[in-house]
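Read the structure below first, then the notes.
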Amino acid sequence: MARALWVLGLLLVALLVLYGMRRGWLNRARRHADLPGLLPDPPSGATPEVELVPAADGLYVGTTVAGDWQDRVSAGSLGHRASARARLYRTGLLLERTGTEPLWIPVSAVRDARVDHKLANKVVPGVGMLVVTWKLGDHLLDSGFRPEGETDPGEWVRALHALPPADPTGSESEHDYETATPRQEET
């Protein structure tokens, strides 16, 4: 009888933990519910044939609220890790994620880029990951990409900092994620 009570008690504790995890994720989703929709692909005709740096395969680590590496954004598919291929064009950054829609970050939304070792509750050793700070509506977000192999995230940071500011006339749609402000210069 005592063994049955222990098993029942552990089962109740496990159910309580699962309930708390689900409730926390749903509360987080409510906090990020006001994020505007994403442009899954570059605007038609906006992507030039030439990539500024060679495409890189790796891991899309996720997206967090800028400045808080643990506050993962759960709106849409931004919070889910996935294998990805990163492509950098003059008009923006494209992350082609496996199992979900691509993430397009137009140059007008990019605020900064850096190499970091932590994002979205993931800490990576070695050369780190590319973290792009960008604006979506009124929200500043950090999205992380961990390249595989010999790809240097520092090269991507330099290329992103070298991008010319977007056309301030607003040639992109309402999803251009606000007009550009100057990106931080690399020191």
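The values are calculated or read from the model by the stated rules, or taken from the named source; none is laboratory data. None of the values given here were measured: they were computed from a predicted structure. Neighbour counts are summed over all protein chains in view; Cβ atoms, including those assigned to glycine, are modelled from backbone coordinates with ideal geometry. Surface areas here come from the heavy atoms of the whole protein model, side chains and all, with no ligands, DNA or RNA. Shrake-Rupley method; radii C 1.70, N 1.55, O 1.52, S 1.80 Å.
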Worksheet entry | Under the Karplus curve 6.51 cos²θ - 1.76 cosθ + 1.60, θ = phi - 60°, whole-Hz ³J(HN,Hα) for the stretch 75-88, x wherever Gly or Pro sits | 5, x, 10, 5, x, 9, 5, 7, 5, 8, 10, 9, 9, 10
Worksheet item: Label-point separation (nm) for L12 and D68, each offset 7 Å from Cα along Cα-to-Cβ?
Response: 3.4 nm
Worksheet item: In nm, what is the difference between 0.36 nm times the number of residues separating T98 and N121 and their Cα-Cα distance?
Response: 6.2 nm
Item to complete: Leaving ligands, DNA and RNA out of it, rank M1, M129, M21 by accessible area with a 1.4 Å probe, largest first.
Response: M1, M21, M129
Discussion item. Spelling out what I want: for every residue of the stretch 142-153, take phi, set θ = phi - 60°, compute 6.51 cos²θ - 1.76 cosθ + 1.60 (Karplus), and round to whole Hz; glycine and proline get x.
Written reply: 10, 10, x, 9, 9, x, 8, x, 8, 5, 9, x
Fill in: Within-13-Å neighbourhood charge of V127 [Cβ basis; K, R +1; D, E -1]
-3
Discussion item. Can you give me the solvent accessible area of D152 with a 1.4 Å probe, rounded to the nearest 10 Å²?
Written reply: 70 Å²
Practice prompt. With all protein chains present, calculate the accessible area of H139 using a 1.4 Å probe and round the result to the nearest 10 Å².
Written response: 60 Å²
Worksheet entry | Shape of the stretch 82-162, Cα gyration tensor, a/c cut at 1.5 | rounded
Worksheet, complete the sentence: A 1.4 Å probe over the protein heavy atoms gives the stretch 1-148 a carbon and sulfur accessible-area percentage of 60 percent
